[in-house]
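Novice: My questions all concern the structure below.
Here, each number is a calculation from the coordinates, and none is a lab measurement. Because the structure is predicted, anything quoted here is derived from the model rather than measured. We place every Cβ from the backbone using ideal geometry, glycine too, and count neighbours over all the protein chains shown.
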Amino acid sequence: MSENKLNKIQKKLLDLLVKNHDESLTIREMQHSLGASSTSVIFRHLNNLEKKGFLKRNPNNPRDYLVFAQEPEKKIAWLNLYGLAQCGYNGMLLDSRPIDKIPIATKLLSFPSSKAFLVKAKGDSMSPRIIDGDLVIAKITSDVPNGSIIICVNNEETLIKKIQKDNNSIILLSLNPSYAPFLAADDFRIVGEVKGIISKEG
């Protein structure tokens, strides 16, 4: 039997998760929907779905999970690595040629690896959280919550900054207090949201 083959209960559970993706179910609701004898049965099958790559869960929130219904996500993904000095032909970082491809365990990501990319941090404006040479894991998106750490293009330069939306203004902040906040330029565009950091310190 293939290690990724699902048994009957796992298939039903996966279908249930897909059907209710917009309003995630609790473990108890999953138990009742499937007629399982206990929540521990559901936990066991969720763990198996996760091991087989069909599910990714947030360990801090049981209702926060991603479902890979068509095929399991691979255990290792090769992510494009970009340098912050680069910018593509139309001013977007992701249109640039990657400087490398880095293997990352997909279990480290809280979102599909197809939406992930890496940038190599430059300078100390985001220290102490992000320091020069760190690899920053980001999710491709242009829509982020206020206060997020983002990868953006501003004045034809690619930056890592904290975004603050204030009425009709967008302010870009550094975490290092030595650097003053500044208003976003006319060409400001969000490339991605920072989701993790791989420290060069190891």
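Novice: Once phi is turned into ³J(HN,Hα) by the Karplus curve 6.51 cos²θ - 1.76 cosθ + 1.60 with θ = phi - 60°, what whole-Hz value does each residue of the range 98-107 show in order, with x for glycine and proline?
Specialist: x, 8, 5, 10, 10, x, 10, 5, 5, 5
Novice: Right, next: From the helices alone, meaning DSSP H stretches of at least four residues, give me the mean residue ellipticity at 222 nm for the chain, per-run term -39500 (n - 2.57), in deg cm²/dmol to the nearest 500.
Specialist: Details: 3 runs with 33 residues, N = 202.
Helices in the chain give a 222 nm mean residue ellipticity of -5000 deg cm²/dmol.
Novice: Would you please classify the overall shape of the range 106-202 from the alpha carbon gyration tensor, given that a ≥ b ≥ c denote the square roots of the eigenvalues, rounded means a/c under 1.5, and beyond that prolate means a/b larger than b/c while oblate covers the rest? Walk me through the numbers before you get to the answer.
Specialist: Numbers: a/c = 1.94, a/b = 1.27, b/c = 1.54.
Judged from the Cα gyration tensor, the range 106-202 comes out oblate (a/c at least 1.5, b/c at or above a/b).
Novice: Here's something else I'd like to know. Sorted by mean Cβ packing within 10 Å, highest first, what order do the peptides 31-37, 123-129 take?
Specialist: Highest mean packing first, the order is 123-129, 31-37.
Novice: Mind computing the radius of gyration and Dmax over the alpha-carbon atoms of the chain? Å is fine for both.
Specialist: 20.1, 59
Novice: Taking just the alpha carbons, could you work out the radius of gyration and Dmax for the range 155-202, both in angstroms?
Specialist: In order Rg, Dmax, the Cα atoms of the range 155-202 give 12.5, 40 Å.
Novice: Among the DSSP beta bridges whose two residues both lie in the chain, what percent are antiparallel, rounded to the nearest 5?
Specialist: On the way: 38 of 41 bridges.
Here the antiparallel bridges make up roughly 95 percent for the chain.
Novice: Report the local net charge at LEU173: Lys and Arg +1, Asp and Glu -1, summed over other residues whose C-beta lies under 13 Å from its C-beta. Before the final figure, lay out each step's value.
Specialist: Working: positive: ARG129, LYS161, LYS162, LYS165; negative: ASP166.
Result for the local shell: +3.
Novice: For the chain, take the longest principal axis of its alpha carbons; what is the angle in degrees between that and the long axis of helix 39-51, to the nearest 10 within 0 to 90?
Specialist: Long axis of 39-51 versus the principal axis of the chain: about 50 degrees.
Novice: Something else now. Once you have the Cα-Cα distance between ASP15 and LYS74, take 0.36 nm times their residue separation minus that, and quote the gain in nm to one decimal.
Specialist: Details: separation 59, 0.36 × 59 = 21.24 nm, distance 2.01 nm.
Answer, rounded to one decimal: 19.2 nm.
Novice: Now a separate question. Compute the convex hull volume of the Cα atoms of the range 8-67, divide it by the residue count, and report the result per residue in Å³ as a whole number. Could you put the intermediate results ahead of the total?
Specialist: Numbers: hull volume 4.4 nm³, N = 60.
Per residue, the Cα convex hull of the range 8-67 comes to 73 Å³.
Novice: Whole-Hz Karplus ³J(HN,Hα) for the range 174-185, in order, using 6.51 cos²θ - 1.76 cosθ + 1.60 and θ = phi - 60°, x for Gly and Pro?
Specialist: The phi angles translate into 9, 7, 7, x, 6, 10, 7, x, 8, 6, 5, 7 Hz.
Novice: Using only Cα atoms, tell me the angle between helix 8-19 and the longest principal axis of the chain; keep it within 0 to 90° and round to the nearest 10.
Specialist: Helix 8-19 sits roughly 40 degrees off the main axis of the chain.
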